[in-house]
Amino acid sequence: MSNTYTLLLTTLNEIEGMKAIYPKIDKSLFNKIIVLDGGSTDGTIQYAIDNNIDYYIQKQKGFRHAYFEILPRIDTSHIITFSPDGNSIPELLQPLIEKTNEGYEMVIVSRYKDDAKSYDDDLITGFGNWLFRFLINILYKSKLTDPMVIYRSYEKNLISKLDLTNEKFYSFPEKLLNTKISWEPLMSIRSGKYNIKRAEIPGDEPERIGGERKLKIIKWGFSYMYQVFSNLFYK
């Protein structure tokens, strides 16, 4: 049976990026495209309506709650998460799918593989990505070059296989630091721990188009660091 794909466009006030990026997406690659929105007020939702794009406005804050809430609406075998803010290159969607179709459970579009580069990194985020890559690879016997990035394809059933909706992996650092975190780093950690068949393809990360950067460097950094070490003790 051939793979089927849902493309999740994660948005929060990304009207400029949507206008620039969405027309470049090859819609024929997907069985479903959904704008997964965090409560935009800049016209992002109206853009989705005007272009007949399915959309969902999350009820709870944070990336992972958006993912949790949208799961019942996804009936394809695979999910691709994509940032329509300019950071994710739409022309790489086809190579990403082609690589996934080789039989991988997860494929990451890596900003640091081969000659790929992040043009959105600054000194702090560049060091942070290096540090997490180093620790995850050392502690979980992994060889990923970009365990943190959102741009990736994965089997929907990988979510349950890796227990990614289990609150215990998020609740302590979120309560301690009053923040909400996503599941991409945890997916990278646990897929290494359980020998999931995975791969990477190289892909630049251009600078974002409009909007505001959502990254909370200190809070997210400490939260993800907690996950890196705490998962050593989870079965």
Quiz item: Any chance the range 148-165 includes a residue that's closer than 17 Å to Tyr67 by Cβ, buried (at least 21 other Cβ atoms within 10 Å of the Cβ), basic (Lys, Arg) and modelled with pLDDT of 95 or more?
Solution: yes
Exercise. Go through Ser230, Ser191, Ser142 for me and flag whichever is more than 21 Å from Thr10 (Cα to Cα), among the small types (Gly, Ala, Ser) and within 15 Å of the chain's Cα centre (by Cα).
Key: Ser191
Quiz prompt | Which numbered condition Gly17 misses (of (1) free of Cβ contacts under 8 Å to residues at least 40 places away in the same chain; (2) touching an Asp or Glu at 6+ places or on another chain (Cβ under 6 Å); (3) not aliphatic (A, V, I, L, M)) | solution = (1)
Quiz prompt | Failed criterion for Lys168 (all others in (1) of a type in the set (D, E, K, R); (2) within 26 Å of Glu14 (Cβ to Cβ); (3) open to solvent by 80 Å² or more (accessible area, probe 1.4 Å) hold) | solution = (2)
Self-check item: Subset of the range 142-167 [in a helix (DSSP H, G or I) and touching a residue at least 60 places away in the same chain (Cβ under 8 Å)]
Solution: Ile159
Exercise. Tell me, yes or no, whether the range 94-108 has at least one residue that is open to solvent by 10 Å² or more (accessible area, probe 1.4 Å) and more than 17 Å from Thr4 (Cα to Cα).
Key: no
Quiz item: Here are some residues: Asn195, Asn231, Asn178. Which one is open to solvent by 40 Å² or more (accessible area, probe 1.4 Å) and under 28 Å from Ile74 (Cα atoms)?
Solution: Asn195
Quiz item: open to solvent by 30 Å² or more (accessible area, probe 1.4 Å), modelled with pLDDT of 95 or more, acidic (Asp, Glu) and more than 15 Å from the chain's Cα centre (by Cα), is that true of Asp121?
Solution: no
Quiz item: Looking at this structure, is Leu158 of a type outside the set (Asp, Glu) and farther than 27 Å from Pro90 by Cα?
Solution: no
Self-check item: Pair list, Cβ under 7 Å, 6 or more apart: the range 168-187 residue in contact (Cβ under 8 Å) with a residue 12 or more places away in the chain and among the charged types (D, E, K, R), other residue open to solvent by 40 Å² or more (accessible area, probe 1.4 Å) and in a loop (DSSP other than H, G, I, E, B)
Solution: Glu174/Lys180; Lys180/Lys61
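The values are calculated or read from the model by the stated rules, or taken from the named source; none is laboratory data. In this text the structure is predicted, and so the values were computed from the model without any measurement. In this analysis, Cβ positions are derived from the backbone assuming ideal geometry, glycine residues included, and neighbour counts consider all displayed protein chains. Heavy atoms of the whole protein, side chains included, go into the accessibility calculation; ligands, DNA and RNA do not. Shrake-Rupley method; radii C 1.70, N 1.55, O 1.52, S 1.80 Å.
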